[in-house]
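As structure tokens, the structure follows; a few thoughts come after it.
The values are calculated or read from the model by the stated rules, or taken from the named source; none is laboratory data. Just so it is clear, the model here is predicted, and its values are computed rather than measured. Don't worry about glycine lacking a Cβ; one is built from the backbone with ideal geometry, like all the others, and counts go over all protein chains shown.
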Amino acid sequence: MIFLDTNILYHILHKTPRTEETLTILDENPGDYVVDMVVHNEIMYASTIHYLERRRGVKGAYSARKWIKKHGYPEEVINAVRELIKRLNIRLIPSIYTEQELYEVLTEFRLLPSDAIIALTCKHHGIDTILTLDEDFKRVPWLKVIP
């Protein structure tokens, strides 16, 4: 299994300057792709903010939250995320960690909470490879970081 970090999905969905690089990384590393609930949540939220800023003129996360509360999640975002998951045949796995493990990984490897949960989820599922553009995962000894 190969874990896909949020930034990989983001660059594919939103045609950024790093989209071609990201697609090349995927092409060079085929496999059984997985994401956990943290990544799923992050890509939904980041994609919604991206959509609202560009299509609805909403500025910033606070305004986006207000818009979502009033209108709900945009169907375009939900459909785009669903389609990407389907197209890449990504399997959603549960996040697994204990409170104590989380605190240890946060402090030992200096990770943000979401990244610590991702690292622990990989460890608990026996996943040793992560595709990410985030250098912080290189501090996690049980993960091979690509690129």
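Considering the range 73-95, the residues that are more than 16 Å from Leu4 (Cα to Cα) and at pLDDT 90 or above include one that is surrounded by the most Cβ atoms within 10 Å (Cβ to Cβ), namely Val77. The set of residues from the range 14-45 being in a helix (DSSP H, G or I), of a type in the set (Asp, Glu) and over 15 Å from the mean Cα position of the chain (by Cα) comprises Glu20, Glu21, Asp27, Glu28. Quick check on Lys69: is it exposed (fewer than 14 other Cβ atoms within 10 Å of the Cβ), in contact with a helix residue (DSSP H, G or I) (Cβ under 7 Å, 6 or more places away or on another chain) and without any contact (Cβ under 8 Å) to a residue 12 or more places away in the chain? So Lys69 fails the test.
Here is the figure for the range 123-140: residues that are charged (D, E, K, R) and part of a loop (DSSP other than H, G, I, E, B) total 2.
If you go through the range 1-13 and keep only what is under 10 Å from the mean Cα position of the chain (by Cα), part of a helix (DSSP H, G or I) and aliphatic (A, V, I, L, M), you end up with Ile8, Leu9. Out of the residues in the range 34-66 meeting the condition of being charged (D, E, K, R) and buried (at least 18 other Cβ atoms within 10 Å of the Cβ), tell me which one is farthest from Thr129 (Cα to Cα). The selected residue is Glu42.
Condition check ((1) crowded, with 17+ Cβ neighbours inside 10 Å; (2) in a helix (DSSP H, G or I); (3) within 13 Å of the chain's Cα centre (by Cα)) across all residues:
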| position | (1), (2), (3) |
| --- | --- |
| Gln100 | no, yes, no |
| Glu108 | no, yes, no |
| Ser114 | no, yes, yes |
| Leu120 | yes, yes, no |
| Trp142 | no, no, no |
| Val145 | yes, no, no |
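Which of the residues spanning the range 122-140 are under 15 Å from the mean Cα position of the chain (by Cα) and crowded, with 17+ Cβ neighbours inside 10 Å? Correct list: Cys122, Ile130, Leu131, Thr132, Leu133, Phe137.
Considering only residues in the range 46-66 that are polar (S, T, N, Q) and closer than 23 Å to Asp5 by Cβ, the one that is nearest to the chain's Cα centre (by Cα) turns out to be Ser47.
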